[in-house]
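The values are calculated or read from the model by the stated rules, or taken from the named source; none is laboratory data. In this text, all values refer to a predicted model and were calculated from it rather than measured experimentally. Here the Cβ positions follow ideal geometry from the backbone for every residue, glycine too, while neighbour counts run over all protein chains shown. We work out accessible area using only protein heavy atoms, side chains counted, and drop any ligands, DNA or RNA first. Shrake-Rupley method; radii C 1.70, N 1.55, O 1.52, S 1.80 Å.
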Amino acid sequence: MQALAAELGNPHRAFRSVLIAGTNGKGSVAKLLSAMMPEAGLYTSPHLVRLNERIRIGEHEISDQDLSEVFAAVKQATATARGLLYPPTYFEMVTAMAFLYFRDRVKFAILEVGLGGRLDATNIVEQDVSIITSIGLDHQEFLGTTIEAIAAEKAGIIKSSEPVIVGPSADLPVIRERAVNRLLHGADLSRYPDLRPQLLGRHQLENIALAVRAAECLGIPGDDIVQGVNTAKWPGRLERIGRFLLDGAHNVPAAKALAAFLAEFHPEGVWIIFGAMADKQFEEMIAILEPHAQQFIFTRPQSSRAKDPSELKKMVPGSHVEGAVADAIEYARIHAPSNTTILICGSLYLIGEARPMLE
């Protein structure tokens, strides 16, 4: 990644940044900060529908024309760069495209780590603030099989002098040791009595506290902090569209947060359309959500990694299978009682496929 960036003239050195790692919550924190700093660049992943979603300035996605231009420049750089040890990955290419797009357009960028931290493409920046939102078991095949190993990978984003803000589950020895005396926790939200967040779920209070603390470190005015929290929206994360509720929960910690939301706000239960990737902990996720399900409908997102829904059906007696997402949505519309919420969850791939069908 450094060799590719060097060939492009090191565009990441043209703007200041905050770098956000974590198992869950990093996208929400990034979006909250973006709403507080609407002139800043915003780089997140994955996208739900189109690649343009990943590269934004405030609410404005990169245009198709600009996307094509930065892709062409990065593609050319991969052919001429010296010192590349391997052909750049898809994520490295897109990260380089984001950096190139931001170079002449923003003074600050909010960057979400793609996977882990230590070896992530975003980690070539010298950020003003580091945030590690949470630590949980996910992507073990890449990051390690223990919380400690995963935390060590996330701690790899920490540089030498910036404040390091951590969520409760990320306050771990390996991260504290790396941060030394620069470790901070989420802000005291009671200091901001006018906060009225639109992001649903009590777990978002932790994310809001982290974003507010980062904003304080960056000197963002209090009015802008409140405005950002009160206007931030994050598609596919406890998002309501009519009678549907969409949530990209795709690992065990996220499923637990979703279950807590359902227990509090939908004690009557919901219909659940569920699809997951085969490499995820789908058995545990289903077990966590089952007490809140009136009915499960299993389906398969359009991904080669998706788990066969007929296999998922065996885990829940009385559940139903629809091979296509559109058919699952139609089945739920027809058969779910009219006053029942229909939850779609299990994978961001599923959310990305379903969301345009509901708008």
* Asked: How large is the dipole of the chain about the Cα centre if only Lys and Arg carry +1 and Asp and Glu carry -1, each at its Cβ, rounded to the nearest 20 debye?
  -> 300
* Using alpha carbons only: equivalent-ellipsoid semi-axes of the chain, gyration tensor based, whole Å -> 33, 24, 20
* Asked: Shape call for the range 62-158 from the C-alpha gyration tensor, a ≥ b ≥ c root eigenvalues: rounded (a/c under 1.5), prolate (a/b greater than b/c) or oblate?
  -> prolate
* To do: Report, ordered by chain and residue number, the lysines lying within cross-link reach of K314, taken as a straight Cα distance under 28 Å and ignoring same-chain residues fewer than 8 apart.
  => K256, K280
* What nm value, rounded to one decimal, do you get for the distance between D66 and M357 when each label is placed 7 Å out toward the C-beta? -> 3.3
* Can you run phi through the Karplus equation (6.51, -1.76, 1.60; θ = phi - 60°) for the range 185-198 and list ³J(HN,Hα) in whole Hz, with x for Gly and Pro? -> 10, x, 5, 7, 6, 5, 6, 10, x, 8, 5, 9, x, 8
* Sorted peptide list for 18-29, 281-292, 92-103, criterion being average Cβ within 10 angstrom, highest first -> 18-29, 92-103, 281-292
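Return the FRET efficiency for the residue pair E148, H185: r is the Cβ-Cβ distance, R0 is 22 Å, and the value is rounded to the nearest 0.05. Display every interim value, and only then the final one.
Numbers: r = 20 Å, r/R0 = 0.91.
That gives a FRET efficiency of 0.65.
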* **Sorted peptide list for 344-352, 191-199, 117-125, 145-153, criterion being average Cβ within 10 angstrom, highest first** => 344-352, 117-125, 145-153, 191-199
* To do: Please give the peptides 241-253, 2-14 ranked by average Cβ packing (other Cβ atoms within 10 Å per residue), highest first, as a rough proxy for protection.
  => 241-253, 2-14
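Over the range 259-337, what relative contact order in percent results from Cα pairs under 8 Å that are six or more residues apart?
Numbers: 110 pairs, mean separation 23.9, N = 79.
For the range 259-337, the relative contact order is 30 percent.
Per residue, how much accessible area does the chain show when a 1.4 Å probe rolls over the protein heavy atoms, in square angstrom?
Numbers: 15520 Å² over 359 residues.
Per-residue value: 43 Å².
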* Just how far, in whole angstrom, is the range 197-258 from the range 284-316 if you go by their alpha carbon centroids? -> 26
* Magnitude of the charge dipole, the range 11-61, Cβ model with Lys/Arg +1 and Asp/Glu -1, debye to 20 -> 180
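On the accessible surface of the chain, probed at 1.4 Å, how many percent belong to carbon and sulfur atoms?
Numbers: 7950 of 15520 Å².
Looking at the chain in its full context, I get 51 percent from C and S.
In the calculated pair distance distribution of the range 94-232, what percentage of Cα-Cα distances lie above 20 Å?
52
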